[in-house]
1. When the Karplus curve 6.51 cos²θ - 1.76 cosθ + 1.60 is applied with θ = phi - 60°, which whole-Hz ³J(HN,Hα) does each residue of the range 311-316 get, with x for Gly and Pro?
2. Report the local net charge at Gly365: Lys and Arg +1, Asp and Glu -1, summed over other residues whose C-beta lies under 13 Å from its C-beta.
3. Whole Å is fine, so just give me how far the alpha carbon centre of the range 289-319 lies from that of the range 244-281.
4. Suppose every K and R has +1 on its Cβ and every D and E has -1 on its Cβ; what is the size of the dipole of the chain about the Cα centre, in Debye to the nearest 20?
5. Return the Cα extents of the range 28-158 along principal axes one, two and three, sorted largest first, each rounded to a whole Å.
6. Determine the per residue accessible area of the chain with all protein chains present and a 1.4 angstrom probe, expressed in square angstrom.
7. How do the peptides 155-168, 127-140 rank, highest first, by the average count of neighbouring beta carbon atoms within 10 Å per residue?
8. Taking a quarter of the surface of the Cα convex hull of the range 244-327, what do you get in nm²?
Amino acid sequence: MVFSKYRNLIRWIIVIASFAIISLILWNTYVFFQKFKVEEQTKMDVWAASMKEILKNPLSENVNPVVDKVFSSNITNPMLVYKDGVLGDYKNINEEKIKDSLYIEKLIHQFSQENEPILISYDDKATNETIIYGTLYYGNSDVLNKIKYYPLALLLIIILFGAVVYFFYRSSKIATQNKLWSGMAKETAHQIGTPLSSLIGWTEILKSENTNPEYIIEIEKDISRLQTITERFSKIGSLPTLEKTDIVRETIDSYDYLKARSSKLIDFEIVTPSEEIYVNLNKQLYSWTIENLVKNAIDAMKGKGKLTIEISQIEHIVKIAITDTGKGLPKKQFNTIFEPGFTTKKRGWGLGLSLAKRIIEEFHGGKIKVLHSEIGKGTTMQIALKSV
């Protein structure tokens, strides 16, 4: 109870703490990178200074041993000395590529971006002139480059870890919702079943008492409708049985049922192939899907307009398109309308299309989508199923 009460607070604490830790790691990495870069710059400055001393004293016996040791020390940075198109010394650069002048220019540009070039010059004692030997261009060492990209690698790992956690949480949530959905559906079917059985009994009593047959017929129609609803809820709460069925006939039956019970201001039209098309189908759930789509179309037309159902087949795929002349949908809602709870109506639970998606895609292995929609002109919904 306590955890449930403070769940949102705990989530925010975890998020803020994670953000703080990540920021601290990235900041420390950045500071370390800058310090390491300064050390490399200092090292190259010392190397350039030692080279100046050697240039001043070309004879090896006049060179300070410390200077000579610094000059010959192991430098891990790629570097080259360049002046007026002439390449001087270089280190840690591919021997074959360095012969290419275009490659040298590319390196000079890259090294200039990474570090400030160092001018190497010395005073000639004989002529009292300043001699410019060349400009030292150097890049970052392999270690520094790896450190530079470490934060990006860390961020990528964190993003991937976050994605895994998110999808795990989402999958767990969806599984819980599906279990709840199935439980509610079964419970609804059970709750309807009790008064339905009673109504059937009362109908038989009314028949025996010579009640007006017209009343009996209407009551039986309502009972039949309730039985259909009960079967639908019973099947949506568990894995339904699919049977080889003529989808053309089933669609026409659903069409006739809905047409007879809809406003006369709706101009109904159905276009079907002359031959039978068989698919693995659950009749009750399929009719429920068609009913949801048609009712949505009628609502979109505000009870007045034209509604067309068209069945077509391309190879082994049968497509059922339901087109209305309603208000249409913006493109950004093409996918969101199938999410549970999404609705554009003032009154509605937003479950009809999510239920239709579950029936077609999870139970029948098909696809349902918004094929086309234009604001003010209408929408076409399409169901696609495999024929057998």
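The values are calculated or read from the model by the stated rules, or taken from the named source; none is laboratory data. Just so it is clear, the structure is predicted and the values come from calculations on it, not from any experiment. Glycine also receives a Cβ, built like all others from the backbone with ideal geometry; neighbour counts cover every protein chain displayed. Areas reflect the complete protein model, heavy atoms only, side chains present, ligands, DNA and RNA absent. Shrake-Rupley method; radii C 1.70, N 1.55, O 1.52, S 1.80 Å.
1. Karplus values, whole Hz, x for Gly and Pro: 10, 9, 9, 10, 6, 9.
2. Surrounding charge for Gly365 is +2.
3. 10 Å
4. Dipole about the Cα centre, nearest 20: 1540 debye.
5. Answer, in whole Å and largest first: 63, 33, 23 Å.
6. 65 Å²
7. Averaged packing, sorted descending, gives the order 127-140, 155-168.
8. Taking a quarter of the hull surface, the average projection is 5.3 nm².
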